[in-house]
Amino acid sequence: MKKEDIELYEELLSKLISIKNDVALLSSKKPGEQLNLFKIKRINDVLTKINTLIGKDKPYEDFETFDEVALPTNSDALMMINLYLTGMSRFKKHNSTEKSVGLDWNQTEMVWDLEDKRDEEE
């Protein structure tokens with residue numbers, strides 16, 4: 001992983017979590033209602049960037065973005081957003097190493113595998 005990819009991952013993950021929270025709220029009130037075009041365009045922008053970043057870890061090979069003509073329902077969008085969050089987690093797992101932290105050997109965290117270890121020191 002390059003430092004720029006990690007920064008992009010963190011930005012996209014933050015946006016996807018925010019989108020998920022908003023769509024979950026809409027879905028809890030009106031699950032069958034369609035999202036509007038403005039929201040779909042913003043969601044699609046984030047999904048396009050995520051697809052490029054995570055590649056084979058995306059949830060479905062045949063899904064790229066939501067259709068802007070046949071708008072998805074709140075609950076359908078929420079389902080795909082949750083699958084993308086899982087794909088993001090899988091991507092991080094595939095590009096990280098579990099390392100012990102602190103004095104407690106049982107405490108671990110996932111650390112990105114950097115292409116250039118000098119990036120880690122910056």
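The values are calculated or read from the model by the stated rules, or taken from the named source; none is laboratory data. The shown structure was predicted, so the numbers you read here are calculated from the model rather than taken from an experiment. Surface accessibility is based on the protein's heavy atoms, side chains included, excluding ligands, DNA and RNA. Shrake-Rupley method; radii C 1.70, N 1.55, O 1.52, S 1.80 Å.
For Asp22, Asp45, what's the largest-to-smallest order of accessible area, 1.4 Å probe?
Values: Asp22 95, Asp45 75 Å².
Greatest to least solvent exposure: Asp22, Asp45.
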* Structure fact -> In whole Hz, the Karplus estimates of ³J(HN,Hα) for the stretch 19-35 (6.51, -1.76, 1.60; θ = phi - 60°; x where Gly or Pro) are 4, 4, 4, 5, 5, 4, 5, 5, 5, 5, 8, 9, x, x, 7, 7, 6
* As a check on your grasp of the helix formula, calculate [θ] at 222 nm for the chain: sum -39500 (n - 2.57) over DSSP H runs of n ≥ 4, divide by the residue count, round to the nearest 500. => -19500 deg cm²/dmol
* Structure fact -> Note on the stretch 40-99: the mean projected area of its alpha-carbon convex hull, in nm², is 4.4 nm²
* To do: Rounded to whole Å and ordered largest first, report the semi-axes of the equivalent ellipsoid of the chain derived from its Cα gyration tensor (root of 5λ).
  => 32, 16, 12
